[in-house]
Amino acid sequence: MGSCQCLAASVTCIIYLCWAQHGVLTAGPQQQRSRQQLHATAGRQPVCSKWQALQAELLWRWSYSQKYNLDKPIGAWPTATVSVSSGPLGKRVTDTFLATSHEYLRVGDYGDERIVSAWANIFKMLSPSPVVRVGGASQDKMTRVPGDNVWIALKKFRDATNCRFILGLPLFPKNSIDTFILGLPLFPKNSIGMSQKIMAQSRKYLGDSVIGYELGNEPEFWPNGLGGWGSDGKWKAGFEAYAQWFHKVALAINPCGSKKMLSGPGWGNVNTQPVSWLARILYQGKECYLRELNVHFYPYINNETVTATQLLSQPLQDFGVSKYKDYQRIGTKERLGIRISETNSLYGGGRPSLSDTLVGALWVADALFAFSDAGAVGFHLHWGIGGHPTEALGQPNTGVQTNYAYNVRPKEPPLPYPSVHAPWYGYLFWTIAAAGDYGRHADANFVPVWVQNRGRCSANMKIWALKADMGDLRMALLNKDEARNCNVRLIVDPQYCKKAGILTRLLPGPEGIFSKGMITWQGQTYEGSGLTGKIQGSKAVQQLMPVKTKDGKRCKFEVPVPSASGAILAAKWSR
């Protein structure tokens, strides 16, 4: 790369040299309800100094501040006027709605005692008791129960994070304190025996931190297609055979009269099977063994050709949410929760230079609001195997990839440390909106939002609002547009007119919406975090005073929202 001539180019030079030379990875449409409209090299120990990363970040932030003064509305930008009501209260956010999903194959890396504290720094940002699903394709492909080393590592991970598990069984299990949901194998003929052993091992090592088990994973994609093993030991094709096999295995491992611990059917997507089939699984199991239902969700689009604009478009999200709501209506009627136990911005691990950029972060943040508002009880973003010591990259849509540091100590295996990627900033954005701070349970309900006047604002904007239990309004503004900027005028009720609101921002790196690094959230970043898993820098917040509207009945806040960015404004309640 040649010499850099300007400040912005200098930033790129620093970033490029640090990544390329040393292999460092850094980190609703309008409606009358609650919404409106690094892939560098992997597997190596970070060598760039914290100073180099900080220097690059400071240069970029300085250049961005010269481009935009975001302290007040920008006169050249169009302004949209949006009204936010403090009531009536809508859907309640589940206390730990945002969760993660991981394959069995490398899950033990999180509990490596040499680095488990760094992973705890990551997971404890999300909740005081995060929910971790272990399962996926590895669940129904397993040929033996995970060994003691895996369970010991999961216990160390649990002890460090207070997580709960949902575990997959071959027809799948779940687990929890840190809450784990464990997947159980359902496809193999010996599903019953393997599932019973997995459940016994999880009780031995993880105890009450296992909150449930998922029986089977994406059965419509099994090698033989949807079906089940008959009483004659032969494979029978079709849904009826599957339903009978599911019921047989479920009763054997979680008989009537015992605590309900199972979920299913784990369809590969919310529109792949008829609603009546989900209802069949519900009705045959709700009295004995089903604690909840679970399905997966991935956007209905071609991974290879999709553009950022298409992936972040409102019609694409609306289609997925509408299909999910067909399932939710059944769950609501029968008072059984539905968990989206595996999801992400694109299926198959995502696409490099799309899923692993700010595009992925904006998709994550918006989807969390949309599916929580639709009634889901959990939303598990899938990280696959996380990473591999052969230096194979984790999947592009992973929030925090597992990288490996070599020769940390002589004769020891490589150290599996957390490497934050762009999508993770969407997780943190949601966490602040839903809980008000890191490491807390969600404490809010959705409240109505509607556009009074779009003005000339043509950006792909989305605005959500949540009311916290203590009264504050948290308004989330997402500009998912690649280039168009807008000011947003937020009109709020009079009880929010006396105190200054607190504004924090999600801002892109030098590549705008396609940034993989140099992204900041609340003025902080994971650049230079090394092996620690800790967010770096001081939190940056802005105070905004409300201004009375012309009629004097309500008041307004005015917020400039540049393209490829987000902001959360917390309006303070007062009597």
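The values are calculated or read from the model by the stated rules, or taken from the named source; none is laboratory data. Note that the structure is a prediction, hence the values are computed from the model and not measured. Glycine gets a Cβ as well: all are built from the backbone with ideal geometry, and neighbour counts include every protein chain shown. The protein model used for the area step is the full one, side chains on, heavy atoms only, and it has no ligands, DNA or RNA in it. Shrake-Rupley method; radii C 1.70, N 1.55, O 1.52, S 1.80 Å.
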(request) First compute the accessible area of region 306-443 with a 1.4 Å probe, then give the percent of it belonging to carbon and sulfur atoms. (result) 53 percent
(request) Could you order T357, T532 by accessible surface area, starting with the largest, using a probe radius of 1.4 Å? (result) T532, T357
(request) For K236, list the lysines whose Cα falls under 24 Å from its own Cα; do not include residues on the same chain fewer than 8 positions away. (result) K141, K189, K248
(message) Could you sort E412, E511, E113 by their accessible area in this structure, using a 1.4 Å probe and putting the largest first?
(response) E113, E511, E412
(request) Using 0.36 nm per residue of separation minus the Cα-Cα distance, give me the extension gain between K534 and A483 in nm, one decimal. (result) 15.2 nm
(request) Set the Förster distance to 56 Å, then compute FRET efficiency between S458 and D159 from the Cβ-Cβ distance, nearest 0.05. (result) 0.65
(request) Can you tell me the dipole magnitude for region 316-475 around its Cα centre, using point charges on the Cβ only (Lys, Arg +1; Asp, Glu -1), in Debye to the nearest 20? (result) 280 debye
(message) Considering all projection directions equally, how large on average is the shadow of the alpha-carbon convex hull of region 441-575, in square nanometres?
(response) 9.6 nm²
(request) Just subtract the alpha-carbon distance of I502 and E304 from 0.36 nm times their residue separation and send over the number in nm, one decimal. (result) 67.3 nm
(message) Keeping all protein chains in the complex and leaving out DNA, RNA and ligands, what accessible area do you get for K67 with a 1.4 Å probe, in Å² to the nearest 10?
(response) 140 Å²
(message) Quick check: residue separation of R440 and Q542 times 0.36 nm, minus the Cα distance between them. What number comes out in nm?
(response) 34.5 nm
(request) Provide the per-residue ³J(HN,Hα) series for region 417-424, in order, calculated from phi with Karplus coefficients 6.51, -1.76, 1.60 and θ = phi - 60°, each as a whole number of Hz, with x at glycine and proline positions. (result) 10, x, 10, 6, 10, 3, x, 4
(request) Heavy atoms only, probe 1.4 angstrom, no DNA, RNA or ligands counted: give me D356, D326 ranked by accessible area, highest first. (result) D326, D356
(message) Using a 7 Å offset from Cα along Cα-Cβ at D208, what residues in region 149-172 end up with backbone N under 16 Å from the label point?
(response) 159, 162-165
(request) Compute the convex hull volume of the Cα atoms of region 363-404, divide it by the residue count, and report the result per residue in Å³ as a whole number. (result) 61 Å³
(message) If amide hydrogens are placed 1.01 Å from N in the peptide plane, which non-local residues have theirs closer than 5 Å to the one on R164?
(response) V131, V132, I177, D178, T179, F180
(request) Quick one: accessible surface of C457, probe radius 1.4 Å, all protein chains present, in square angstrom to the nearest 10. (result) 10 Å²
(message) Using a 7 Å offset from the Cα along the Cα-to-Cβ direction at both L89 and Y283, what is the distance between the two label points in nm, to one decimal?
(response) 3.4 nm
(request) Can you tell me the relative contact order of region 386-521? Whole percent, Cα pairs under 8 Å, sequence separation 6 or more. (result) 16 percent
(request) Run the numbers on region 433-481 and let me know its relative contact order in percent, using alpha-carbon pairs under 8 Å that are six or more apart. (result) 35 percent
(request) Just report the Cα centroid separation between region 216-241 and region 384-427, whole Å. (result) 36 Å
(request) Go ahead and run the numbers for FRET between T272 and L316, Cβ-Cβ distance against an R0 of 22 Å, rounding to 0.05. (result) 0.85
